[in-house]
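Below is one structure, written out as structure tokens; the observations come after it.
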Amino acid sequence: MIKIKNWLYKKIIAPLIDQLKQGVSPEKLAASFAAGFLIGIFPLIGVSTGICLIAAYIFRLNHLAIQVANYTAYPLQFLLVIPFYRAGEMLFQQPPIPLDLMVIISEFKNHFLEAIKQYGMTGLRSVVVWGIIFPPVYFFIYFTCKKIFLFLSFKKSIVKKK
């Protein structure tokens with residue numbers, strides 16, 4: 001348990017505290033972390049790092065904080081992919097697609113274009129669900145992190161005053 005705690009501190013907490021020490025505002029850090037965490041659970045696997053880079057550039061977010069949050073959320077991405085798929089199917093009143101690996105392979109072998117369409121639309125519907133939950137969850141994470149980062153920025157033992 002101590003090893004996990006040390007790893008979490010070293011890989012997640014310490015880099016964020018270092019950003020505060022270097023003068024990044026708690027508000028900017030909270031916005032970056034919230035965006036990175038939510039992008040980290042984006043329901044299409046393999047694109048979150050690129051989306052974080054683009055979002056950080058466009059919205060002038062802290063690149064380190066957004067990627068730390070993205071990688072922190074990464075395990076959740078795998079856990080939430082199927083719930084996002086199913087929520088999209090329910091929202092758009094579509095029958096559930098089979099998620100059995102052998103069925104998927106068979107569908108792609110026998111009806112490639114239809115399988116691309118079917119699974120692509122499921123992915124698109126899951127992105128719509130993600131887009132619906134993004135704003136309220138973003139603000140919850142933002143305001144929670146902002147309070148934490150403000151607290152940390154006022155602790156003289158952690159962050160030097162300029």
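What follows is calculated from the coordinates using simple rules that are stated; it is not laboratory data. This structure is a prediction, so every number in the text was calculated from the model and none was measured. Don't worry about glycine lacking a Cβ; one is built from the backbone with ideal geometry, like all the others, and counts go over all protein chains shown.
For segment 65-81, which residues satisfy the criterion of being touching a helix residue (DSSP H, G or I) at 6+ places or on another chain (Cβ under 6 Å) and aliphatic (A, V, I, L, M)? Passing the criteria: A65, I66, V68, A69, A73. Residues that are surrounded by 12 or more Cβ atoms within 10 Å (Cβ to Cβ), assigned to a helix (DSSP H, G or I) and out of contact with any helix residue (DSSP H, G or I) (no Cβ under 8 Å at 6 or more places or on another chain): does segment 30-48 have at least one? Within segment 30-48, not a single residue is surrounded by 12 or more Cβ atoms within 10 Å (Cβ to Cβ), assigned to a helix (DSSP H, G or I) and out of contact with any helix residue (DSSP H, G or I) (no Cβ under 8 Å at 6 or more places or on another chain).
Yes/no matrix, rows are residues, columns are (1) among the charged types (D, E, K, R); (2) free of Cβ contacts under 8 Å to residues at least 40 places away in the same chain; (3) surrounded by 12 or more Cβ atoms within 10 Å (Cβ to Cβ):
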{"site": "K109", "(1), (2), (3)": "yes, yes, no"}
{"site": "L113", "(1), (2), (3)": "no, yes, no"}
{"site": "K117", "(1), (2), (3)": "yes, yes, no"}
{"site": "L124", "(1), (2), (3)": "no, yes, yes"}
{"site": "Y138", "(1), (2), (3)": "no, no, yes"}
{"site": "I141", "(1), (2), (3)": "no, no, yes"}
{"site": "L150", "(1), (2), (3)": "no, no, yes"}
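Quick one: would you say A87 is within 30 Å of K21 (Cβ to Cβ), of a type in the set (G, A, S), in contact with a helix residue (DSSP H, G or I) (Cβ under 8 Å, 6 or more places away or on another chain) and in contact (Cβ under 8 Å) with a residue 12 or more places away in the chain? Considered against the rule, which asks whether it is within 30 Å of K21 (Cβ to Cβ), of a type in the set (G, A, S), in contact with a helix residue (DSSP H, G or I) (Cβ under 8 Å, 6 or more places away or on another chain) and in contact (Cβ under 8 Å) with a residue 12 or more places away in the chain, A87 comes out as no.
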